[in-house]
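A.B. asks: Before I ask anything, here is the structure I am working with.
The values are calculated or read from the model by the stated rules, or taken from the named source; none is laboratory data. Given the structure is predicted, the values throughout are model-derived calculations rather than measurements. Cβ placement follows ideal geometry from the backbone for every residue including glycine, while neighbour counts extend to all protein chains displayed.
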Amino acid sequence: MRIPKSLHRYFWDVDVKKLDPKKKPYFIISRLLDKGDIEAVRWVRKHYSDKEIKETLQNYRDFSLRSASFWALIYNFSIKKVKCFQEPYLSMRKTLWPY
């Protein structure tokens, strides 16, 4: 499995050619669901199970609050289970970016 060239723009900070979707599923899922377009979402949902996507939401804190809320709603679980809504991360985030 390789990330399509059309989705490389979402990985501006890493060498996409060296990025293995099987070894870094949390990173890839979170980046594409948080910052991607409909093509990115379709690719994620095609290549990763619902279980992997839910685990990413619950264990990876780099989602925006808006995006995390949306995906929690789609996958029908409480935002209290979403990592970026849990303390102390939520408090720290507000001090770094108070908007």
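A.B. asks: Report every pair of residues separated by at least 6 positions or lying on different chains whose Cβ atoms are under 8 Å apart, first residue within the range 1-25 and more than 20 Å from TYR60 (Cβ to Cβ), second part of a loop (DSSP other than H, G, I, E, B).
C.D. replies: Close Cβ pairs satisfying both conditions: ARG2/PRO21.
A.B. asks: Got at least one residue in the range 42-53 being surrounded by 16 or more Cβ atoms within 10 Å (Cβ to Cβ), among the aromatic types (Phe, Trp, Tyr) and at pLDDT below 90?
C.D. replies: Pass one, the range 42-53, residues surrounded by 16 or more Cβ atoms within 10 Å (Cβ to Cβ): 43-44, 47-48, 53.
Imposing the further condition that a residue be among the aromatic types (Phe, Trp, Tyr) reduces the set to 43, 48.
So of that shortlist, the ones also at pLDDT below 90 come out as none.
So far as the range 42-53 goes, no, none of its residues is surrounded by 16 or more Cβ atoms within 10 Å (Cβ to Cβ), among the aromatic types (Phe, Trp, Tyr) and at pLDDT below 90.
A.B. asks: Just one of (1) within 21 Å of HIS8 (Cβ to Cβ); (2) in a helix (DSSP H, G or I) trips up MET92, so point out which.
C.D. replies: It is condition (1) that MET92 fails.
A.B. asks: How many residues does the range 45-70 hold that are closer than 17 Å to MET1 by Cβ and in contact with a Leu (Cβ under 8 Å, 6 or more places away or on another chain)?
C.D. replies: Going through the range 45-70 one residue at a time, the tally reaches 2.
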